[in-house]
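Below: one structure, written as structure tokens.
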Amino acid sequence: MELKRVLLIENAAIVSALRKMSADELIELLLSEREEHQKAEDRLKKERKKNKELKKACKDADEMNSRLAESINNLEKEKSLLAEKVRDTAEYYKSAMANLYGSKSEKLRSIMREAAGRLDELLPAEKEKDISGTESSVSGDRTDPQVPDSTGSEDPVPGSEPEKVKRTEKDSSCENPDGSYKNVPNPRKGNKGRNKGKKKSGVKDKQISGLKEKGGCHSEERVLSAAELLAACEAGCRFHHWETVTHVEYIPGKLVVHEESVAVYTKNDGTGTVRASRETAELFRNCVLSPSLGAFLITSRYMDYLPCYHIHKKLERMGLSVSRQTVTNWNRMLGDRKLRVIYNRMKRYLVTELHYIQADETPQRVQDDGLGSGSVDRVWLFRSSELLRDGPKIILFAFRRGRSLEDLQAVLTEEFSGYITTDAYVVYHSLDEQKEGVYVTNCWAHSRRLLADAVKAMEKKTEAQKQKVLDSVSWKALSKIRDIYHMENSLKELTAEERKRQRQLVIRPLVDDFFEWIREAEKDESLSKKSKTMRGIRYCLNQETYLRRFLEDGNIPLDNSAAERVFRSYVLLRDRCGQITSLVGAEATAIIMSIVETAKANGLNVEAYMEYLLTEIARAEKEEKTSGMPVSEDYYDQFLPWSSELPEHLRIQHQEKSETQNEA
């Protein structure tokens, strides 16, 4: 009640005060109150805005904290991986030091103790993984050889029982090939596939496990005699470990594992190691591929035209467990890293020594060429003239990314001079015009194709229609070209000089008559300008200069059919084995096909020749590595398919073969 009375008194006082105020004073009071109210609202809005910004800042801080936590976790993982790599590296160098100084030498112990101390300083959290020990675990159940001491007694040297050193070296067979196109960027894959790291352990054992179960394994062990050990070190040597090379040999119809183990000894004076000599030369380090198996792969793919999937299944049935990709990689590495030196010598000989060649080109799609889905690469073919009798027969495929003049010049280089028999593609004519000493001769088989198509398109059902064909311009032109071919075929067994003389006497009048006749036929108004007959006539007239050039030399063929016949092998390979996926693979295919087709042309047993060639290349590389002196490229000339120094068992005796076929 008291509070109510006080409020009534205050309200009455306010009402009396308001009654005493004038209208202006009352308005002024209301405006001031309104202004104060507006200011209060503004302050409230500012506070709300500050609260909103503060909430946003808190949210950003929370997100940043989560990102920082994730980064810390990633750094911890990277740190652990780095620690593991450091440990692996330390283990590798420990093994290397053990090979150099011996597993029980004091020098090695001191080096490893110092390394372990530094490593613990860098990685204190990993102290439980101490690497200071010098003893390596013994693996396998091989009986180690008893090494005679330096005095020649037959008692084993104390401590000669070996302890195998675990290797962690990178497998060089998995390296990227150093081909002409290896640095071409691939926008589809980027850097994917590079730096794959070391090969997984146990892969080789898994590949050959099936062959070993079948009993197809042959092992050899090579040791040094007491005299050889004494000659290597006067203080004597002690056995350290075995080094084993494993590869798979192909014997027609089966595969056999061949293991060759050589003993490695440590010199007692601590100056290094000495090992027994190894007879086997590896194609690729830590790879089971042997020359005989490589020759089998090459003949299966490039002569029998089997896809890698079929070869993979064939090897699997024989007991070798390799993937389809491994078979593909083996083919690529053989061409790119082993046979390239032979290919380069063949190309060098064709460009510098031959002056009569035939050329052609065909499309080749490469999946990852970096040029887009609509691009088409090219494979060029260059072969020695089919009429050459004295020189070697060379067939060379060259993969290029186009069919321009620059691509043609990149293969023939500036050193080539002579005659090129080919079709009427304008690039060859540009080379003829721009380079002195190069002369293009056109193919007569191409000159008759449009005329032959015109004859094929005519109706021949009734006698009247057949007579119309015989009276047509196309048929008469083909008859004149047939007479030229008939006379040329009769001269094939002659020498180049005699053939040139007979061409001038017999064939030149036929060629002159042919061109005079088609000039008159071109004026025939009854022929449509767009018909195949008229197009064939104009083709012959436009190419007259190049079609006549075969008369100038007896080594120039009348047409380019020999090159097109060789291309059938490549087209079969392309159509049956599918699309090539990489530029390096396309170039390796061209290299292998060149050697295979050249070997066939020179009468060699391709599989036996490829085995011999790969063996000699591996042996030369081993000698180069041992001596430290590079092998000259001229050294490989003795292994070229036409070399007279090749063993006789590589050659096919055509006479004996034909007699055997006749008896059958």
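The values are calculated or read from the model by the stated rules, or taken from the named source; none is laboratory data. All values reported here derive from a predicted model rather than from experimental measurement. Note that we place each Cβ from the backbone using ideal geometry, even for glycine, and neighbour counts take in every protein chain shown. When the accessible area is computed, the model is the full protein with side chains, heavy atoms only, and any ligands, DNA or RNA have been set aside. Shrake-Rupley method; radii C 1.70, N 1.55, O 1.52, S 1.80 Å.
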Positions within the range 377-402 being in a loop (DSSP other than H, G, I, E, B) and crowded, with 17+ Cβ neighbours inside 10 Å, in sequence order: Ser385, Glu386, Leu387, Leu388, Pro392, Lys393, Ile394, Arg401
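Looking at the range 477-484, is at least one residue exposed (fewer than 13 other Cβ atoms within 10 Å of the Cβ) and either under 33 Å from the mean Cα position of the chain (by Cα) or not hydroxyl-bearing (Ser, Thr, Tyr) (or both)? I'd like the intermediate steps shown before the answer.
We begin by selecting, within the range 477-484, every residue exposed (fewer than 13 other Cβ atoms within 10 Å of the Cβ); these are 479, 482.
Filter once more, so that each one left must be either under 33 Å from the mean Cα position of the chain (by Cα) or not hydroxyl-bearing (Ser, Thr, Tyr) (or both): 482.
So far as the range 477-484 goes, yes, one or more of its residues are exposed (fewer than 13 other Cβ atoms within 10 Å of the Cβ) and either under 33 Å from the mean Cα position of the chain (by Cα) or not hydroxyl-bearing (Ser, Thr, Tyr) (or both).
Would you call Arg448 in contact with a Lys or Arg (Cβ under 7 Å, 6 or more places away or on another chain) and touching a residue at least 40 places away in the same chain (Cβ under 8 Å)? Don't jump to the end; show me each part of the working.
Details: in contact with a Lys or Arg (Cβ under 7 Å, 6 or more places away or on another chain): no; touching a residue at least 40 places away in the same chain (Cβ under 8 Å): yes.
So Arg448 fails the test.
Part of a helix (DSSP H, G or I), open to solvent by less than 60 Å² (accessible area, probe 1.4 Å) and in contact with a Ser or Thr (Cβ under 8 Å, 6 or more places away or on another chain) - does that describe any residue in the range 520-531?
No, there is no match, as no residue in the range 520-531 is part of a helix (DSSP H, G or I), open to solvent by less than 60 Å² (accessible area, probe 1.4 Å) and in contact with a Ser or Thr (Cβ under 8 Å, 6 or more places away or on another chain).
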Answer residue from the range 424-450, given it is in a loop (DSSP other than H, G, I, E, B) and either among the basic types (Lys, Arg) or buried (at least 20 other Cβ atoms within 10 Å of the Cβ) (or both) and is modelled with the highest pLDDT among those: Cys443
Failed item, numbered, when Ala235 is tested on (1) farther than 27 Å from Ile617 by Cα; (2) at pLDDT 70 or above; (3) in a loop (DSSP other than H, G, I, E, B): (2)
Verdict on Val566 being under 29 Å from Gln367 (Cβ atoms), of a type outside the set (Gly, Ala, Ser), in contact with a Lys or Arg (Cβ under 8 Å, 6 or more places away or on another chain) and open to solvent by less than 20 Å² (accessible area, probe 1.4 Å): yes
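For the range 403-415, which positions are surrounded by fewer than 21 Cβ atoms within 10 Å (Cβ to Cβ) and touching a residue at least 40 places away in the same chain (Cβ under 8 Å)?
Step one: filter the range 403-415 for residues surrounded by fewer than 21 Cβ atoms within 10 Å (Cβ to Cβ), giving 403-407, 409-411, 413-415.
Listed by number, the residues that qualify are Arg403, Val411, Thr413, Glu415.
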Per-region count, the range 277-318, residues open to solvent by less than 60 Å² (accessible area, probe 1.4 Å), at pLDDT below 85 and either within 25 Å of Met593 (Cβ to Cβ) or touching a helix residue (DSSP H, G or I) at 6+ places or on another chain (Cβ under 8 Å) (or both): 2
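Taking the condition of being open to solvent by 90 Å² or more (accessible area, probe 1.4 Å) and modelled with pLDDT under 85, how many residues in the range 451-462 meet it? Steps first, please.
To start, the set of residues in the range 451-462 that are open to solvent by 90 Å² or more (accessible area, probe 1.4 Å) comprises 456, 459, 461.
Add one more test, that the residue is modelled with pLDDT under 85, and what stays is 459, 461.
Matching residues across the range 451-462 total 2.
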First in the range 487-504 and closer than 17 Å to Arg549 by Cβ and touching a residue at least 60 places away in the same chain (Cβ under 8 Å), second anywhere and surrounded by 12 or more Cβ atoms within 10 Å (Cβ to Cβ) and of a type in the set (Asp, Glu), Cβ under 8 Å, 6 or more apart: Ala496/Asp553
All positions within the range 451-500 that are within 23 Å of Ile556 (Cα to Cα), assigned to a loop (DSSP other than H, G, I, E, B) and charged (D, E, K, R): Lys492, Glu493
Some residue of the range 545-553 being closer than 19 Å to Ala454 by Cα, out of contact with any helix residue (DSSP H, G or I) (no Cβ under 8 Å at 6 or more places or on another chain) and surrounded by fewer than 17 Cβ atoms within 10 Å (Cβ to Cβ): no
